[in-house]
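Trainee: Supplied in structure tokens, the structure appears directly below.
The values are calculated or read from the model by the stated rules, or taken from the named source; none is laboratory data. All figures in this text were calculated on a predicted structure; none of them were measured in a lab. For neighbour counting, all protein chains shown are included, and Cβ atoms are generated from backbone atoms with ideal geometry for every residue, glycine included.
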Amino acid sequence: MVRSYKKSKNKSSKKFKNKVENAAVNLGVKFVAFAISFLFVSCGIFYFSLNYVPKSRYEEQVMLPKMKEAYYVSQWCRDDFGKREFILWDNTRVDCLTKDYAIEFDFAHKWAESVGQSLYYAKMTGKKPAVALILTNLKDYKYVKRIERLDNGIKIFLIKTF
């Protein structure tokens, strides 16, 4: 009778150990799943914040899609607003020269080129640099964010064509 008591005690302690081990494994799996989910969510939020541009921050105009750059310049830079295709002494052309700004128009994926040109035109004319980015789809807002990161006083105008 003593032996059967010890055997049943051993069986119940083994069952208890198995339950504890299973609970520990399940807890570990749940923790790993939570950590991975948290990592994905935080990466998504970080990515969204990199590309987010508040609409109230920029002047945005909606125009016809799939047109050439010259169309957007002619529609945006009217004679009462500024001078189109202003020629500098070295035969370079400012897309739009206003009272305050030397504005370079370009499609958003050519953001770096437009920044360089606007800085050059601003230096040559004594005006402030500005770019008018032509956005052809929603993903183009990431280029606006890239110009923001430069933090060199460039005014950004947006032309939305989608």
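Trainee: Return yes when V53 is aliphatic (A, V, I, L, M), modelled with pLDDT under 85 and closer than 20 Å to R149 by Cα and no when it is not.
Mentor: yes
Trainee: Residues that are at pLDDT 95 or above, of a type in the set (D, E) and surrounded by fewer than 18 Cβ atoms within 10 Å (Cβ to Cβ): does segment 109-117 have at least one?
Mentor: Taking every residue of segment 109-117 in turn, at least one turns out to be at pLDDT 95 or above, of a type in the set (D, E) and surrounded by fewer than 18 Cβ atoms within 10 Å (Cβ to Cβ).
Trainee: Determine whether segment 59-67 contains at least one residue that is assigned to a helix (DSSP H, G or I) and either surrounded by fewer than 10 Cβ atoms within 10 Å (Cβ to Cβ) or modelled with pLDDT of 70 or more (or both).
Mentor: no
Trainee: Restricting to segment 82-112, and then to whatever is part of a loop (DSSP other than H, G, I, E, B) and over 30 Å from the mean Cα position of the chain (by Cα), can you tell me which residue is nearest to A132 (Cα to Cα)?
Mentor: G82
Trainee: Here's another thing I want to ask about it. Go through (1) more than 16 Å from the chain's Cα centre (by Cα); (2) surrounded by fewer than 18 Cβ atoms within 10 Å (Cβ to Cβ) and name the single condition T136 misses.
Mentor: For T136, the exception is condition (1).
Trainee: Conditions first: (1) closer than 22 Å to K68 by Cβ; (2) touching a Ser or Thr at 6+ places or on another chain (Cβ under 6 Å); (3) surrounded by 21 or more Cβ atoms within 10 Å (Cβ to Cβ). P129 passes all but one, so which condition is the exception?
Mentor: (1)
Trainee: If I filter segment 1-24 for residues that are modelled with pLDDT of 70 or more and within 43 Å of the chain's Cα centre (by Cα), do I get at least one hit?
Mentor: Checking segment 1-24: not a single residue is modelled with pLDDT of 70 or more and within 43 Å of the chain's Cα centre (by Cα).
Trainee: Further question: State which residue pairs qualify: first residue of a type in the set (F, W, Y) and inside segment 117-140, second residue at pLDDT 95 or above in any location, beta carbons under 6 Å apart, and separation of 6 or more residues or different chains.
Mentor: Y121/V94; Y121/A102
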